[in-house]
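Report on the structure given below.
A short reminder: the numbers here are calculations on the coordinates, not readings from a lab. Only a predicted model underlies this, so the values are computations on that prediction, with no experimental measurement involved. A quick note on method: Cβ atoms are made from the backbone with ideal geometry, for glycine too, and the neighbour counts reach across all protein chains shown.
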Amino acid sequence: MSDHWVTVIPQDPWFVPTVQAQQQAAEYFSQIVADPDCVEVIIHEGVELHDCGCNLAGILCPSCDEFLDEEWWDAWTGEDYDVDRKTQTLTPRQLTCCGESYSLHQLYYDFDRGFATFALEAENPNVGELSLEQKSNFEQLLGCPIKVIYSHL
Ligand SMILES: [Zn+2]
């Protein structure tokens with residue numbers, strides 16, 4: 001049996017909700033997944049990649065829809081990481097496909113990957129995709145637009 005996760009992150013990679021907002025959103029997540037033990041609040045020191053595991057189908061340039069090379073992307077992600085500050089810097093780079101500049105955060109990922117300092121993660125949550133209503137409840141509780149990442153290993 002494989003493990004899978006549903007991760008809720010703010011769209012803004014640097015955004016960390018207030019402690020009260022974190023707790024309320026974690027409580028709400030626990031209600032949705034019916035197993036409170038599987039919900040975890042994660043706060044990184046800096047911006048970290050939240051991966052979708054083997055759910056990834058491709059990484060695309062948001063401007064010309066060209067597929068980007070994954071090895072090149074991996075190398076870029078490594079170079080983008082500031083070891084001293086323990087954070088992805090998300091510095092924009094010029095892409096070779098069409099010459100537009102984007103940061104790692106701005107690329108189009110199918111399925112979604114995300115960059116975040118704060119994350120709410122549920123392990124084996126027994127839910128499918130979150131509904132629009134659930135997403136907007138999270139956004140209200142956390143006080144920010146969110147992104148949902150589905151991953152399995
Ligand atoms: Zn392009």
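Observations on the structure shown:
- With θ taken as phi - 60° and the Karplus curve 6.51 cos²θ - 1.76 cosθ + 1.60 applied, the whole-hertz 3J(HN,Hα) list for region 133-142 is 5, 5, 4, 6, 5, 4, 5, 5, 5, 8 Hz, x standing for glycine and proline.
- What you get for the chain, charging only the Cβ of Lys and Arg (+1) and of Asp and Glu (-1), is a dipole of about 420 debye around the Cα centre.
- Each Cα pair under 8 Å and six or more residues apart adds its separation to the average, and for the chain the resulting relative contact order is 48 percent.
- Theoretical ellipticity at 222 nm over the chain - DSSP helices of four or more residues, -39500 (n - 2.57) apiece, nearest 500: -7500 deg cm²/dmol
- Neighbour-limited loop hits for GluC sites (Glu not before Pro), region 45-141 (at most 10 other Cβ within 10 Å; DSSP other than H, G, I, E, B): Glu129
- Shape of region 68-125, Cα gyration tensor, a/c cut at 1.5: oblate
- Region 4-152 - Rg over Rh from alpha carbon coordinates, Kirkwood radius: 0.98
- Within the listed set Gly143, Gly46, Gly78, the Gaussian network model of the chain (springs between alpha-carbon atoms below 10 Å) gives the highest mean-square fluctuation for Gly78.
- Leu104, Leu49, Leu132, Leu120 arranged by Cβ crowding within 10 Å, fewest neighbours leading: Leu132, Leu49, Leu104, Leu120
- Counted by neighbouring Cβ atoms within 10 Å, the residues Tyr150, Tyr109 run from fewest to most as Tyr150, Tyr109.
- Per DSSP, loop trypsin sites (Lys or Arg not before Pro) in region 68-100 with at most 11 further Cβ within 10 Å: Arg85
- Exposure proxy order (Cβ contacts within 10 Å, fewest to most) of Thr18, Thr117, Thr77: Thr18, Thr77, Thr117
- Proximal charge balance of Pro92 [Cβ under 14 Å; K/R count +1, D/E count -1]: -2
- Candidates Tyr109, Leu120, Leu60 compared by Cα position along the dipole of the chain: farthest toward the positive end lies Leu120, with charges placed on Cβ.
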